[in-house]
1. Only one residue in 20, 68, 72, 60 is assigned to a strand (DSSP E or B), touching a residue at least 24 places away in the same chain (Cβ under 8 Å), surrounded by 12 or more Cβ atoms within 10 Å (Cβ to Cβ) and at negative phi, so which one is that?
2. Here's a check for you: in region 24-46, which residue that is touching a strand residue (DSSP E or B) at 6+ places or on another chain (Cβ under 6 Å) and surrounded by 13 or more Cβ atoms within 10 Å (Cβ to Cβ) is farthest from residue 99 (Cα to Cα)?
3. Only one residue in 96, 38, 10 is assigned to a strand (DSSP E or B), touching a residue at least 24 places away in the same chain (Cβ under 8 Å) and within 14 Å of the chain's Cα centre (by Cα). Which one?
4. What about residue 49, is it touching a strand residue (DSSP E or B) at 6+ places or on another chain (Cβ under 6 Å), surrounded by fewer than 18 Cβ atoms within 10 Å (Cβ to Cβ) and not in a helix (DSSP H, G or I)?
C-alpha cells in the first residue's frame, strides 16, 4: 500500500475512534486527539493510546501494559492484529468495556 492510501485509511480509523468515544459520558471516558494519536483517559488516570505508525504502515493500540499492532486487511476492509487476528474496533471496544467494568 502506498503512503497516501495508508494515511487515508489510518486517519479514517482515528476519526471513527474519536466519533465512537464522543458517545461516552466524559466522567467515565474522556479522550483527546492530536496528529495521529487518540488518547483515551479514565477517571483513575489510566490511559489507552491509539496511534498511527507511519514507518510500519500500521496502527497501534496500547491498553495498560498490553499493546497490539494492526495491519490493513483489504479483503476484510479492516485493521487486523498481526498477532491473534483481532479486528481493531471490536478489540478496542472490548478493552474499554472491560476497563469500565473494573
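Where a number appears in this text, it was derived from the coordinates with a stated rule and is not lab data. From a predicted model like this one, the values you see are computed outputs, not experimental measurements. Neighbour counts are summed over all protein chains in view; Cβ atoms, including those assigned to glycine, are modelled from backbone coordinates with ideal geometry.
1. The match here is 72.
2. If we filter region 24-46 for residues that are touching a strand residue (DSSP E or B) at 6+ places or on another chain (Cβ under 6 Å), which is where we start, we get 30-32, 36-41.
Now restrict to residues that are surrounded by 13 or more Cβ atoms within 10 Å (Cβ to Cβ): 30-31, 36-41.
Values: 30: 13, 31: 14, 36: 23, 37: 20, 38: 17, 39: 15, 40: 11, 41: 11 Å.
It comes out as 36.
3. 38
4. Working: touching a strand residue (DSSP E or B) at 6+ places or on another chain (Cβ under 6 Å): yes; surrounded by fewer than 18 Cβ atoms within 10 Å (Cβ to Cβ): yes; not in a helix (DSSP H, G or I): yes.
Taking the combined requirement at face value, the residue satisfies it.
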